[in-house]
Structure formats: structure tokens, C-alpha cells
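Structure first, commentary second.
The values are calculated or read from the model by the stated rules, or taken from the named source; none is laboratory data. Because the structure is a prediction, the values reported are computed rather than measured. Glycine gets a Cβ as well: all are built from the backbone with ideal geometry, and neighbour counts include every protein chain shown.
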Amino acid sequence: MIVLGIETSCDETSAAVVSGGRRVLSSVVSSQFDLHECHGGVVPELAARRHVIAIVPVVEQALREAGVDRDDLDAIAVTQGPGLAGALVVGMNAAKGMAYALGRPLVAVNHLEAHIYANWLCDAPDLPEEPVFPILCLLVSGGHTELILMTGHGRFRHLGRTLDDAAGEAFDKGARLLGLGFPGGPAIEHAARVGDPHGFELPRAWLSGTHDFSFSGLKTALLRLTEPMRLAQSNNNSEISSSSRSGPFRAHRAPVYAPNSPIADLAAGFQEAIVEPLAVKTARAALEFGARTVVLAGGVAANTLLRERLRREVLDLCGPDVPVAYPAFAFCTDNAAMVAGAAAWIIRRGDLVGWEADVYPRLPLMRT
Ligand code: KG4
Ligand code: ZN
């Protein structure tokens, strides 16, 4: 089964072709980084407009790189939500148009489910073993932080979630406070490489007795620590000028620090304070619910410290028979391969949608 996937839920225009829910034949991601960088975050209106321009060339490139013809496609899959309404609509309409014109089924995919199914994808010649159920999944992205028990295909049970900021959002806000740029996760990870994670005391919200997380206190603690270190800025001392690119939307003004400020230590301590509760609480839940595999999903799954720490905690608590899996780096952050991959499993359970399918910016993960 060959599926074309389309993903436009946020700031990446992406299309991909995946065979059998696992083998990635092509994956094209057109980033809008240049458009949003000067704003310090994604501007929904700008994102939607750029998707309109990018979607057709991106789909054509994905088909070309996969070496498949439109007629070879068995289904068209698209992200239905959660995400930015105006951005989602572009992908949904493109997918409907193609499915209708080709006479192929339309599959509406939950973005969170797609992130989880990225763990089934492979772009190397040898397909690795599939994750074994029950699977304990830590889903960590810019908008979500959820602990999910997956008992079978399409069967998800929520165990916990963030009570405030998502882990990726915490990375993004922390990076903004430290003047490290956007997106924050990779920026903090890079700065932290030469930092001492024990240089500063930063709080962890353990929320004992629950499987929930919280990162807003950590963000406030970083704000309090860095406030006295910031240099006063005059009006024309902005790091990012109000260039013509910003148009009617406000340009972000990055804080400025003295050259000898301990930014690397702060980044390392901040990263550690996000990663530690995520890894420890996921391992505890894996033990409690008898998981046979632990998987990481979402953009923050690209974080090397989180991958290593989770592996160590699960090994210590659950032993060597419970493997920890995570997608290849390219399939952690938003991409359409995960959408096309998830679609194959959705088709197998007979969940197709009609032309009336709409987008749902707050779509929750299906519960069973
Ligand atoms: O899944 P994703 O691409 O988009 C959403 O669905 O939200 O996740 C984006 C998030 C951003 O917050 C970004 O800072 C974070 O993932 N991220 C990382 C890393 N790469 C991306 N966080 C920590 N370390 C990384 N290497
Ligand atoms: Zn995502």
C-alpha cells in the first residue's frame, strides 16, 4: 500500500510517500524558519499563506523523489489536527483535491498519532522490528507533553500530561529568555554542550503520585536568574531590527547579555531540569503498566540528552528486556512521512473519511 501524506499543521510544508506504513520512499519538508525567525515564534497568518505557495511544489517533489506516479498511490493522507486552523486547511484542501481527482480514499490523520507512528518508519534498507505492545509513549512536542499507554494499533490511553507549558514550549521560551533564537530546543541543546548542568539550581516539578508534568515554574526560575544579567537596551539596540520581513507583525527583540555571562551553564541546567522529570516519570510509568517497549515521539524526541537519559532510566528500572525506541532525527520534528505511515494503520482498521472532513485545531488523541 503506497500512501501520499501531507502535513501543514504548523510551520513546515511537508509531503511524503510511504509504503506499507513503514518504508519511507520520499520525505520533503519545506521549512518556514526564515519567515518566523524575526518574530521569535510562529505567526499563524504568515504560516498559512506560505503553505498555499509551497504545497504544490512540495507534493510534486515528494512524488518525483519517490519515483512513483500519481496513479501508483493507493490513498491520500492529511493531518486533520491539532494545529493552526489556517495552516491545516491548506493541507486538507490539497489532499481532498488530489484524492477526488485520482479517485482514491482520503485519510484524516491525528497529528499526535502520526508522531507516535513515526516510530514504525524506516528509510534504511533493512526494516527493524516493530515496537511490541503494550507501548509506553512519551509524546513531547511544541504543543504537547503526554504520557500515553498504547495497548494496540489505534488504542491509546492517556496516563498524564503537562499541566501548563509543553516540553518543547519550555525549550522555546527558555531559549528566548537566554537570547538563543528560535526554535529553542536545538538552540538550547547546542549551547548546553559546553555548559555545566550543575552550575545553577533549577527546580523540577515532580507532581508525586501523578503521571503529569509542569514546566512553568522552571521557566519563571530562569527568568528570575537571568533578569539581573541582562544589559539595558536602547531603542536602536535591538538584535533583530524591524526589517521589512516583519510586515504588520511585531518583530522579536532578543535580550542582550554581557559576553562573559554563563549562558552555556544556564542552558545546560535548564535542559537537565526539563529532561530529568520526563525520563524518570516515563520509566516509572513503564514499570507500573508493564510496558514491553518505551517510545519517544514529537520534536523534543530529537534531544540527545533526553534519548540517553530515558534509555538509562528504563534500563535501571525495567531491565534490558524493555527497549527504548525513538524515530530517526528527520522523523521527530513535523514531517509528512509520519502522516503517510500512520495512515496505513488507520486504513487497516477501516477509518476512512468522506469529503465533508474538516480540520480540528484542538483535536485530542482518540481514547480507547
Ligand atoms: O513536533 P514538532 O516539530 O512540532 C509540534 O508538533 O509542536 O515539535 C517542535 C518542538 C519545538 O518546541 C522545538 O523547540 C522542539 O520541538 N525541538 C527540540 C529539539 N528539536 C526540536 N527540543 C529539544 N531538543 C531538540 N533537539
Ligand atoms: Zn508536531
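Table for the structure above
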| item | result |
| --- | --- |
| Matching residues in region 292-331 - criterion: being under 30 Å from Pro105 (Cβ atoms) and in contact with a Gly (Cβ under 6 Å, 6 or more places away or on another chain) | Gly299 |
| Selection from region 342-366 of residues that are within 14 Å of ligand 2 (Cβ to nearest atom) and crowded, with 24+ Cβ neighbours inside 10 Å | Ala342 |
| Those residues of region 91-119 which are within 13 Å of ligand 1 (Cβ to nearest atom) and either of a type in the set (Gly, Ala, Ser) or surrounded by fewer than 18 Cβ atoms within 10 Å (Cβ to Cβ) (or both), in sequence order | Ala114, Ala118 |
| Set Arg250, Arg245: member being at pLDDT below 95 and in a helix (DSSP H, G or I) | Arg245 |
| Qualifying residue in region 120-133 (condition: within 16 Å of ligand 1 (Cβ to nearest atom), buried (at least 23 other Cβ atoms within 10 Å of the Cβ) and farther than 30 Å from Ala291 by Cα) | no |
| Residue, surrounded by the fewest Cβ atoms within 10 Å (Cβ to Cβ), within region 134-153, restricted to residues that are within 16 Å of ligand 1 (Cβ to nearest atom) and in a loop (DSSP other than H, G, I, E, B) | Gly143 |
| Boolean, His190 is under 30 Å from Ala344 (Cβ atoms), surrounded by fewer than 17 Cβ atoms within 10 Å (Cβ to Cβ) and either in contact (Cβ under 8 Å) with a residue 60 or more places away in the chain or within 16 Å of ligand 1 (Cβ to nearest atom) (or both) | no |
